[in-house]
1. For Arg469 paired with Ile428, estimate the spin-label separation in nm (one decimal), with each label point 7 Å from Cα along the Cα-to-Cβ line.
2. What residues of segment 34-51 lie in the reach of a label at Arg101, counting those whose backbone N is under 16 Å from a point 7 Å from the Cα along Cα→Cβ?
3. For the pair Asn338 and Gln228, how long in nm is the line joining their label points, each one 7 Å along Cα→Cβ?
4. Charges on Cβ only, +1 for Lys and Arg, -1 for Asp and Glu, centred on the Cα centroid of the chain; of Met431, Ile405, Ala344, which one is farthest towards the dipole's positive end?
5. Of Lys315/Lys477; Lys121/Lys196; Lys88/Lys346; Lys88/Lys477; Lys88/Lys148; Lys227/Lys315, which ones are farther than 26 Å apart at the Cα?
6. Nothing charged except the Cβ atoms of Lys and Arg (+1) and of Asp and Glu (-1): what's the magnitude of the dipole of segment 1-141 about its Cα centre? Round to the nearest 20 debye.
7. Take peptides 402-409, 349-356 and line them up by average Cβ neighbours within 10 Å, highest first, as a rough protection proxy.
8. Counting only protein heavy atoms and using a 1.4 Å probe, what share of the accessible area of the chain belongs to carbon plus sulfur, as a whole percent?
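The values are calculated or read from the model by the stated rules, or taken from the named source; none is laboratory data. It should be emphasised that the depicted structure is a prediction, and the values quoted were computed from it without experimental measurement. Note that we place each Cβ from the backbone using ideal geometry, even for glycine, and neighbour counts take in every protein chain shown. Accessible surface is based on the protein model in full, side chains and every heavy atom, while ligands, DNA and RNA are left aside. Shrake-Rupley method; radii C 1.70, N 1.55, O 1.52, S 1.80 Å.
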Amino acid sequence: MILIHPPVVRPCEPPAGIARLCGALSHHGMRYRVLDANLEGLISLLKTPPASSDTWTSRAFRHLSGHLASLQSWDAYENEARYRRAIKDLNRLLGMTARSRHVRLGLANYEHEELSPARSKDLFRAAEHPEDNPFYPYFRERLTELLKNEQPSVIGFSLNYLSQALCTFAMIGFLRQEFSGVKLVLGGGLVTSWMKRPHWQNPFAGLVDHLVAGPGETFLLSLMGVKQSGNTCYEPNYDSLPITDYFAPGPILPYSSSSGCYWNRCSFCPERADGNSYIAVPADEVIRDLHRLVERYRPVLVHLVDNAISPSMMKVISEHPPGAPWYGFARITHHLTNLDFCLALKRSGCVMLKLGLESGDQNVLDNLQKGIHLGEASSVLRNLKKVGIATYIYLLFGTPHEGLIEAQKTLQFVVEHHDCIDFLNLAIFNMPIGGPEARQVETKTFYEGDLSLYTSFDHPKRWSRQRIRQFLDKEFKRHPTIMPILRRDPPVFTSNHAPFLVKKDRN
Ligand code: SF4
């Protein structure tokens with residue numbers, strides 16, 4: 001069996017889902033290979049001499065090996081100008097390489113001028129013409145070599161983001177043309193969301209042998225003749241992944257202590273719209289896994305990829321530190337209003353918490369069912385600042401109960417807490433097709449794609465996307481206390497690299 005991580009996603013850490021599948025396959029003694037076609041494909045394109053000879057592109061190509069080396073050591077992270085230049089230059093090279101294929105390509109971006117990853121007919125077109133894909137020269141050679149050497153009976157693709165979809169189908173199309181006997185399995189977060197759309201009908205029968213919703217361990221094992229009952233949690237295995245080659249100063253280990261979300265109430269949440277149930281790995285297993293993994297791979301950072309790390313898990317981790325710095329998503333809860341709780345987190349190696357505040361208006365928060373009280377949020381931010389845990393705050397504009405007045409309250413809240421906020425992520429609300437709010441407002445087709453996960457809607461307060469953008473560009477982002485926070489955000493890699501950029505100030 002071969003497991004493939006297709007382009008394009010940020011190439012900074014090994015794929016968590018594939019590492020979990022590897023854990024399950026290794027546990028049962030199965031033979032498999034992993035291909036990180038994202039990392040390999042991006043590096044292969046970066047190393048291709050550019051067709052354009054303009055000054056910027058030529059200079060970027062000359063500095064390529066220096067940029068890669070600096071992003072794979074502490075060099076770039078200790079010199080912000082160098083870090084930004086490296087990323088800008090790498091994006092320039094990718095952009096220029098893919099331009100003739102009508103693709104806007106970057107280290108975290110793949111957008112075709114005509115084909116949409118939310119339309120099945122466009123995915124079929126990508127599969128019918130793999131030679132049009134900018135990664136074609138790379139994957140034709142690599143897949144041919146791999147399949148000749150390994151003779152796999154099954155190839156599994158892990159498709160998690162829209163930016164991977166067109167490349168995944170181009171690779172699938174190539175395999176169908178050249179190696180028609182091999183069984184193709186497609187799973188991952190994006191496939192799961194597609195399959196949980198209302199009235200889902202599989203458009204890919206005939207092209208892909210099996211689509212898998214949710215964690216793929218049970219399905220892959222059953223395909224290989226291993227029966228297992230219930231939800232067995234396997235320790236992830238990174239042995240087959242190039243953990244020292246990613247764009248990071250050392251290995252980052254992604255690890256999930258749960259799937260789904262223990263809160264599962266936020267009305268706008270795609271996780272809730274998908275109906276994914278909450279499954280937590282038993283606390284003693286999490287601690288045992290983390291200790292073993294840190295011992296084995298010596299990571300510079302552990303990335304807890306849970307949708308929200310539960311307070312009880314944070315407590316357990318603070319009592320049994322993993323032995324490496326860590327960060328992840330948490331909810332703003334009363335636990336974090338306790339300074340001792342925050343101090344214990346800090347001592348356990350927590351360098352940053354990502355927190356979904358969403359709004360600075362209590363009424364909006366209550367309607368979103370966030371379970372956040374602004375008074376508590378204020379004290380949480382101040383505590384985290386006191387103990388030296390960086391904060392990456394997520395705001396969401398344009399939810400149905402928000403208008404300009406409420407958005408201005410969010411601006412006010414951020415201004416009042418600007419000294420406790422290290423990084424900010426601003427997003428405009430997309431209405432999940434299957435979510436509870438989609439039933440309460442007038443909806444329309446959003447992407448005009450049969451695979452679209454979102455729907456557009458008539459905003460009850462006439463707070464349109466255009467008005468929100470104007471507010472963000474002209475008011476929010478220009479505020480003198482907010483501008484420096486936004487400027488600090490690592491380009492392209494955002495929260496994935498943020499812990500490295502705060503690390504030297506905080507520790
Ligand atoms: S805390 Fe996050 S993952 Fe959980 S329901 Fe809310 S938005 Fe969804």
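1. 0.5
2. 37-51
3. 3.4
4. Sorting the options by dipole projection puts first Ile405.
5. Pairs exceeding 26 Å: Lys315/Lys477; Lys88/Lys346; Lys88/Lys148; Lys227/Lys315.
6. About 100 debye.
7. Descending mean neighbour count gives 349-356, 402-409.
8. 49
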